[in-house]
Amino acid sequence: MTDSFKKIGVIGAGQMGSGIAHVCALAGYEVLLNDLSSDNVESGLATINGNLARQAASKKITEKDRKKAISLLGPAPQMEDLASCDLVIEAATENEAIKRNIYATICPILNPEGVLASNTSSISITRLASATDRPERFIGIHFMNPVPVMKLVELVRGIATADETYQAALGFIASLDKTVAVSEDFPGFMVNRILLPMINEAIYTLYEGVGTVEGIDTAMRLGANHPMGPLQLADFIGLDTCLSIMQVLHDGLSDSKYRPCPLLVKYVEAGWLGRKTGRGFYDYRGEEPVPTR
Ligand code: CAA
């Protein structure tokens with residue numbers, strides 16, 4: 001644990017928010033999890049329980065660590081419940097309007113000394129900070145999915161982020177046993193600036209009939225030693241998230257090389273968002289995932 005923060009609030013109990021809450025509790029922080037509905041919070045807590053049990057079963061953590069982490073985790077059905085947190089990490093949907101609404105609600109409630117961080121994977125930290133009452137205590141802390149497994153955290157300072165906030169965030173990330181990569185505040189930061197165009201190109205490769213879903217994924221798994229093929233990874237990240245990151249790159253860098261593939265748009269319009277909805281480039285509803293086209 002770092003001295004700067006003791007109590008952490010996480011807004012958004014989806015795959016990223018629950019993963020963030022999970023690693024914070026394991027590192028010894030008191031963690032409160034918030035989402036739009038109590039059902040979402042409960043399902044986030046259930047996911048964390050399952051993943052902690054998985055880590056204990058494979059001896060990644062001890063049974064004592066697991067129990068302690070569970071005792072430190074709690075629901076925060078209302079945003080008011082986060083008022084006394086030292087750090088609030090927003091991990092809501094990758095949509096600027098939604099994030100701005102959240103800041104408008106949390107800022108008047110949150111302890112004036114509290115730091116606000118966004119787990120945004122691509123939206124400008126400087127712009128998001130300007131929608132808060134504390135741009136100097138606002139920072140981008142971008143975790144990778146699955147949070148309990150991935151070692152990297154991207155740290156992004158906005159133009160107004162104070163050095164004290166940056167130093168506190170560095171200490172916080174180190175206390176989670178994660179490695180920091182510092183990125184300047186430009187669209188997509190580093191990881192998604194590089195990763196998403198690769199995924200988008202894989203979708204074009206499918207769209208243009210160069211390869212099949214399985215062919216493309218096998219090519220990159222065995223030909224480039226990626227742990228997952230790019231279409232499998234797109235389904236894992238969520239196709240809606242992939243599309244919104246491509247849109248941020250396209251709008252923010254004004255270069256046609258970032259245009260989202262029409263096939264990606266079509267899947268999102270169909271509501272086929274990947275693993276979380278049961279269908280994307282693969283259909284996950286059976287025993288084994290099978291390509292949907
Ligand atoms: N919580 C806890 N543990 C987990 C977990 C979770 N959510 N997910 C997986 N694990 C653990 C498993 O229990 C397993 O542990 P053991 O080795 O002790 O058994 C280990 O991780 C490996 O998992 P699996 O055996 O299930 O499967 P795998 O070997 O195929 O690995 C993977 C799964 C780690 C996800 C691997 O496929 C991988 O690294 N994929 C690429 C992930 C990636 O690129 N992530 C970045 C996405 S981009 C991003 O996040 C940025 C963004 O903004 C979009």
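Condition check ((1) touching a residue at least 40 places away in the same chain (Cβ under 8 Å); (2) surrounded by fewer than 16 Cβ atoms within 10 Å (Cβ to Cβ); (3) polar (S, T, N, Q); (4) farther than 14 Å from Glu214 by Cα) across all residues:
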position	(1), (2), (3), (4)
Leu253	yes, yes, no, yes
Lys257	yes, yes, no, yes
Cys261	yes, no, no, yes
Val268	no, no, no, yes
Trp272	no, no, no, yes
Lys276	yes, no, no, yes
Arg279	no, no, no, yes
Gly286	no, yes, no, yes
Val290	no, yes, no, no
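Selection within region 108-152: residues that are of a type in the set (D, E, K, R) and surrounded by fewer than 22 Cβ atoms within 10 Å (Cβ to Cβ). The member of this set that is farthest from Ile11 (Cα to Cα) is Lys151. Is there a residue being within 16 Å of the ligand (Cβ to nearest atom), β-branched (Val, Ile, Thr), closer than 18 Å to Val41 by Cβ and at pLDDT 95 or above anywhere in region 121-135? Within region 121-135 (the criterion being within 16 Å of the ligand (Cβ to nearest atom), β-branched (Val, Ile, Thr), closer than 18 Å to Val41 by Cβ and at pLDDT 95 or above), the answer is no, since none of the residues qualifies.
Can you name the residue in region 22-44 that is buried (at least 17 other Cβ atoms within 10 Å of the Cβ) and in a helix (DSSP H, G or I) and, of all such residues, is nearest to the ligand (Cβ to nearest atom)?
Here is the first cut: in region 22-44, the ones buried (at least 17 other Cβ atoms within 10 Å of the Cβ) are 22-27, 29-35, 40-41, 44.
From what is left, the residues that are in a helix (DSSP H, G or I) are 22-26, 40-41, 44.
Values: His22: 7, Val23: 9, Cys24: 14, Ala25: 13, Leu26: 10, Asn40: 17, Val41: 18, Gly44: 12 Å.
If we take residues in region 22-44 being buried (at least 17 other Cβ atoms within 10 Å of the Cβ) and in a helix (DSSP H, G or I), then His22 is nearest to the ligand (Cβ to nearest atom).
The condition (being under 27 Å from Ala131 (Cα atoms) and away from the ligand (no atom under 16 Å from the Cβ)) is satisfied by just one residue among Ala168, Ala181: Ala168. Restricting attention to region 237-258, the residues being within 15 Å of the ligand (Cβ to nearest atom) and of a type in the set (D, E, K, R) number 1.
Out of Thr62, Thr47, Thr93, I need the residue that is within 14 Å of the ligand (Cβ to nearest atom), loosely packed, with under 14 Cβ neighbours inside 10 Å and among the hydroxyl-bearing types (Ser, Thr, Tyr). Which one? Explain how you work it out, then say what you get.
Values: Thr47 fails: loosely packed, with under 14 Cβ neighbours inside 10 Å; Thr93 fails: loosely packed, with under 14 Cβ neighbours inside 10 Å.
Of the residues listed, the single one that is within 14 Å of the ligand (Cβ to nearest atom), loosely packed, with under 14 Cβ neighbours inside 10 Å and among the hydroxyl-bearing types (Ser, Thr, Tyr) is Thr62.
Just so you know, in region 1-18 the residues that are in contact with a helix residue (DSSP H, G or I) (Cβ under 8 Å, 6 or more places away or on another chain) and in a helix (DSSP H, G or I) include one that is nearest to Lys67 (Cα to Cα), and it is Ser18.
Among the residues of region 69-77, are any within 16 Å of the ligand (Cβ to nearest atom) and either under 21 Å from Val153 (Cα atoms) or within 20 Å of the chain's Cα centre (by Cα) (or both)?
Filtering region 69-77 down to residues within 16 Å of the ligand (Cβ to nearest atom) leaves 69-70, 73.
Of the ones still in play, those that are also either under 21 Å from Val153 (Cα atoms) or within 20 Å of the chain's Cα centre (by Cα) (or both) are 69, 73.
For region 69-77, residues within 16 Å of the ligand (Cβ to nearest atom) and either under 21 Å from Val153 (Cα atoms) or within 20 Å of the chain's Cα centre (by Cα) (or both): present.
Scanning region 153-173 for residues that are closer than 16 Å to Ile89 by Cβ, surrounded by fewer than 18 Cβ atoms within 10 Å (Cβ to Cβ) and in contact (Cβ under 8 Å) with a residue 24 or more places away in the chain turns up Tyr166, Gly171. Scoring Asn192 on the criteria (1) in contact with a Ser or Thr (Cβ under 7 Å, 6 or more places away or on another chain); (2) more than 16 Å from the ligand (Cβ to nearest atom); (3) part of a helix (DSSP H, G or I); (4) not aliphatic (A, V, I, L, M) leaves a single failure, condition (2).
The values are calculated or read from the model by the stated rules, or taken from the named source; none is laboratory data. The shown structure was predicted, so the numbers you read here are calculated from the model rather than taken from an experiment. For neighbour counting, all protein chains shown are included, and Cβ atoms are generated from backbone atoms with ideal geometry for every residue, glycine included.
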